[in-house]
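Okay, structure first, notes after.
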Amino acid sequence: MSPSNTSVKLVKLVSSGAPTLANFKVESIGVPSKASLQSDQILVRTLYLSADPYMRGRLSGSQDSYVDSFVAGKPIIGLGVGVIEASTSSEFKEGDVVTGDQFLWEAKFVSGVRGFIKIPASGIAPANYLGVLGMPSFTAYVGVVTLAQAKAGETILISAASGAVGQVAVQLAKARGLRVVGAAGSDDKVAFVKSLGADAAFNYKTCGDLNAAIRAVAPDGVDVYFDNVGGEFLDAALLNMNAFGRIAECGMISQYNATADTAYHIQNLIRIIPKRISIHGFIVSDYYAKPDYANFIAEVSAMLKEGKITYKLDEVVGLENAPQGLLDLFEGKNFGKRVIKVTDAQQRL
Ligand SMILES: NC(=O)c1ccc[n+]([C@@H]2O[C@H](COP(=O)([O-])OP(=O)(O)OC[C@H]3O[C@@H](n4cnc5c(N)ncnc54)[C@H](OP(=O)(O)O)[C@@H]3O)[C@@H](O)[C@H]2O)c1
């Protein structure tokens, strides 16, 4: 092994409160050789890694989750795209571009084949498989189409509307003829959300009273709320829901770093009874095996081909910057889908 590979490892789990850079360690490690492969293994060179809010749960050490906890002393693991540099598996060959959820936060690593799929040669830039053709975009599809069954003429409210999931939720809802209103955490983000076709959007950090701000953009009430943030915003959204409204409960990022003292306690849950509101929590990974996934790929690929969907990636360069790239998500410092660029498509380690 020659010494020019990088690994990002977890130092310590963080059960509550905000993680910091001290929870991660960036290490120089050796580059694995082709000769080290055992049967059914691949040697992957990482092109891009995905920084995602769900990783906060994996940092907490919870054993009561849909996804395994990270392990202190071991590399962070998550979604990525990369190139196969060597393979002893019949499923992959050298040069294949792959994506999956078993990417170590290393520039080059050896793995079994479980969790990796080949990306078809199509001219689409690989990072898009972490965004518009990847998990966040499918999450938007599941929330808007499968669960909320959003219909033309209805009003949908989307929080974190400029983010990895939110920006697609805006465009899928608009394409279905809904009135789309969104919220985001800066004026630039709000302008971007409007540029995607939202009928109205506001900066939830500067708007003052949240209930009044939602009412101002949705005076006839909200039929579907696509919740990415939870907390105070969800509470205000509950006050604005129409009868038989649906809440696609996608995420509650405002609460991921909360402690027992800072957790927000919802006050307006009682509204779900007189307004007959349904709240459907979901995890996107439950839907890959269903027809929804093929429908999503068909719809979004066609939109891409016809130039009918926009997708903003927010790229951080360098694996050594990956920990900060992840922590930024919890302070709204990303603008669009946060990816970490690790190596160039043509680069050789
Ligand atoms: N259920 C699922 O299967 C699934 C799958 C993917 C994602 N999710 C969830 O979907 C949500 C969005 O994920 P994403 O990947 O699209 O992330 P993202 O929106 O690209 O990035 C996170 C954004 O959340 C907002 N935010 C951060 N801290 C906040 C706070 N304290 N209060 C309110 N907003 C805050 C920030 O946007 P602003 O600047 O606009 O505040 C930040 O940019 C997350 O809750 C995530 O956990 C769920």
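The values are calculated or read from the model by the stated rules, or taken from the named source; none is laboratory data. Just so it is clear, the structure is predicted and the values come from calculations on it, not from any experiment. With ideal geometry, Cβ positions are generated from the backbone for all residues, glycine too; neighbour counts draw on all protein chains shown. Ligands, DNA and RNA are stripped out before the accessible areas are found, and what is left, the full protein with its side chains, is counted by its heavy atoms. Shrake-Rupley method; radii C 1.70, N 1.55, O 1.52, S 1.80 Å.
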* Restricted to segment 54-107, and to residues that are loosely packed, with under 15 Cβ neighbours inside 10 Å, within 16 Å of the ligand (Cβ to nearest atom) and among the hydroxyl-bearing types (Ser, Thr, Tyr), which residue is nearest to ALA22 (Cα to Cα)? -> SER62
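ALA127: more than 19 Å from LYS337 (Cβ to Cβ) and open to solvent by less than 40 Å² (accessible area, probe 1.4 Å), yes or no? Reasoning before the result, please.
On the way: more than 19 Å from LYS337 (Cβ to Cβ): no; open to solvent by less than 40 Å² (accessible area, probe 1.4 Å): yes.
Here the answer is no, as ALA127 does not meet what is asked.
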* In segment 130-168, how many residues are within 9 Å of the ligand (Cβ to nearest atom) and either crowded, with 24+ Cβ neighbours inside 10 Å or not hydrophobic (A, V, I, L, M, F, W, C) (or both)? -> 15
* Asked: Which is more than 15 Å from the ligand (Cβ to nearest atom) and within 19 Å of the chain's Cα centre (by Cα), of LEU329, LEU313, LEU319, LEU239?
  -> LEU319
* Enumeration of residues in segment 194-205 that are more than 9 Å from the ligand (Cβ to nearest atom) and either within 19 Å of the chain's Cα centre (by Cα) or not hydrophobic (A, V, I, L, M, F, W, C) (or both) -> LYS194, SER195, LEU196, GLY197, ASP199
* To do: Determine if segment 246-262 includes at least one residue that is hydrophobic (A, V, I, L, M, F, W, C), closer than 18 Å to GLU154 by Cα and either away from the ligand (no atom under 14 Å from the Cβ) or touching a Cys at 6+ places or on another chain (Cβ under 9 Å) (or both).
  => no
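Can you say whether ASN228 is closer than 21 Å to SER278 by Cα, within 14 Å of the ligand (Cβ to nearest atom) and open to solvent by 10 Å² or more (accessible area, probe 1.4 Å), as far as the supplied structure shows?
yes
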* Right, LEU234: more than 15 Å from the ligand (Cβ to nearest atom) and either modelled with pLDDT of 95 or more or open to solvent by 70 Å² or more (accessible area, probe 1.4 Å) (or both) or not? -> no
